[in-house]
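Working notes, structure below.
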Amino acid sequence: EAQVTQNPRYLITVTGKKLTVTCSQNMNHEYMSWYRQDPGLGLRQIYYSMNVEVTDKGDVPEGYKVSRKEKRNFPLILESPSPNQTSLYFCASSLPASDTQYFGPGTRLTVL
Amino acid sequence: AQSVTQLGSHVSVSEGALVLLRCNYSSSVPPYLFWYVQYPNQGLQLLLKYTSAATLVKGINGFEAEFKKSETSFHLTKPSAHMSDAAEYFCAVRTYSGGYQKVTFGTGTKLQVIP
């Protein structure tokens with residue numbers, strides 16, 4: 001089944017404790033992206049990747065890192081999480097010439 | 001720069017009534033436009049997309065949208081609302097610039113369907 005998976009689905013952590021949210025897709029998509037969703041703000045793009053080893057900042061990259069060492073994986077790293085990063089996070093992927101993004105189920109992160 | 005404006009963060013309609021969710025965009029290059037739906041506790045699913053072909057686009061679940069360049073709009077409609085349409089709807093614009101893709105989402109509209 002074609003899908004985007006994220007882990008964990010739910011995470012409660014404390015300020016400053018490094019964490020990684022994994023994202024994996026099995027559709028051989030070149031383009032992958034991370035978004036955060038906050039009430040009243042919709043989805044805002046954090047980082048995106050056009051292909052392996054090619055990443056760029058989205059609209060709200062501060063406090064986040066990403067890497068793209070393999071085509072299927074695009075982890076989101078929070079080196080020192082803060083309470084303002086409490087949010088719902090979505091990973092998405094697509095073919096570059098295509099226009100439909102496939103979204104993962106989301107990761108709800110709470111930083112205390 | 002590109003942007004998307006969704007008018008109305010909450011819309012309520014009666015079951016069987018017309019659904020109209022508004023989306024206006026701003027883009028300096030020809031855009032691709034999308035509507036996504038998010039059901040409670042789920043990710044986003046594509047409803048429909050405009051990719052510079054027909055201006056009237058039909059999607060899943062009876063939804064359609066019309067691209068109007070002169071009005072920079074891409075409003076979502078459905079003739080008759082069903083209870084199962086209750087969800088949050090997001091309009092998005094996607095452009096290519098300098099070899100990179102840029103996607104911008106609107107702030108979303110929550111649709112409530114009243115029995």
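Residue-by-condition table, conditions (1) under 15 Å from residue A:105 (Cβ atoms); (2) β-branched (Val, Ile, Thr); (3) at pLDDT below 95:
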residue	(1), (2), (3)
A:10	yes, no, no
A:23	yes, no, no
A:30	no, no, yes
A:35	yes, no, no
A:44	no, no, yes
A:52	no, yes, yes
A:71	no, no, no
- Task: For region A:89-112, name all the residues that are over 15 Å from residue A:4 (Cβ atoms), of a type in the set (A, V, I, L, M) and either open to solvent by 40 Å² or more (accessible area, probe 1.4 Å) or at the interface with chain B (Cβ under 10 Å from one of its Cβ atoms) (or both).
- Result: A:97, A:112
- Note on the structure: All-but-one check, residue B:11 against (1) in a loop (DSSP other than H, G, I, E, B); (2) of a type in the set (A, V, I, L, M, F, W, C); (3) at pLDDT 95 or above, failing number (1)
- Query: Hey, does region B:78-96 have a residue that's in a helix (DSSP H, G or I) and open to solvent by 20 Å² or more (accessible area, probe 1.4 Å)?
  - Reply: yes
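A quick yes/no check of all residues on (1) within 24 Å of residue A:32 (Cα to Cα); (2) touching a Ser or Thr at 6+ places or on another chain (Cβ under 6 Å); (3) at pLDDT 90 or above:
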residue	(1), (2), (3)
B:44	yes, no, yes
B:48	yes, no, yes
B:62	no, no, yes
B:78	no, no, yes
B:110	no, no, yes
B:114	no, yes, yes
- Expected single match for closer than 26 Å to residue A:39 by Cβ, open to solvent by 50 Å² or more (accessible area, probe 1.4 Å) and in contact (Cβ under 8 Å) with a residue 24 or more places away in the chain among B:73, B:26 is B:26
- Message: Conditions first: (1) in contact with a strand residue (DSSP E or B) (Cβ under 8 Å, 6 or more places away or on another chain); (2) of a type in the set (Gly, Ala, Ser); (3) not in a strand (DSSP E or B). Residue A:16 passes all but one, so which condition is the exception?
- Response: (1)
- Item | Residue that is most open to solvent (accessible area, probe 1.4 Å), among those in region A:19-40 that are in a loop (DSSP other than H, G, I, E, B) and closer than 30 Å to residue B:6 by Cβ | A:39
- Message: Quick check on region A:45-56. Is at least one of its residues within 27 Å of residue B:91 (Cβ to Cβ), more than 10 Å from chain B (Cβ to nearest Cβ) and touching a Pro at 6+ places or on another chain (Cβ under 7 Å)?
- Response: yes
- When every residue in region A:58-88 that is within 12 Å of the chain's Cα centre (by Cα) and within 11 Å of chain B (Cβ to nearest Cβ) is compared, the one surrounded by the fewest Cβ atoms within 10 Å (Cβ to Cβ) is A:88
- Task: May I ask you to verify whether residue B:107 is part of a loop (DSSP other than H, G, I, E, B), within 11 Å of chain A (Cβ to nearest Cβ) and not acidic (Asp, Glu)?
- Result: yes
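Mind telling me which of the residues B:25, B:96, B:39, B:32 ends up being over 10 Å from the mean Cα position of the chain (by Cα), within 14 Å of another protein chain (Cβ to nearest Cβ) and over 25 Å from residue A:88 (Cβ atoms)? Walk me through how you get there before you give the answer.
Details: B:25 fails: over 25 Å from residue A:88 (Cβ atoms); B:39 fails: over 25 Å from residue A:88 (Cβ atoms); B:32 fails: over 25 Å from residue A:88 (Cβ atoms).
After ruling out the rest, the residue left standing is B:96.
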- Kindly indicate the residue of region B:42-51 that is assigned to a strand (DSSP E or B) and at the interface with chain A (Cβ under 8 Å from one of its Cβ atoms) and also surrounded by the fewest Cβ atoms within 10 Å (Cβ to Cβ) among those meeting that condition. B:45
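The values are calculated or read from the model by the stated rules, or taken from the named source; none is laboratory data. Since we're looking at a predicted model, the values are computed, not measured. We place every Cβ from the backbone using ideal geometry, glycine too, and count neighbours over all the protein chains shown. Just the protein is used for accessible areas: all its heavy atoms, side chains included, with ligands, DNA and RNA removed. Shrake-Rupley method; radii C 1.70, N 1.55, O 1.52, S 1.80 Å.
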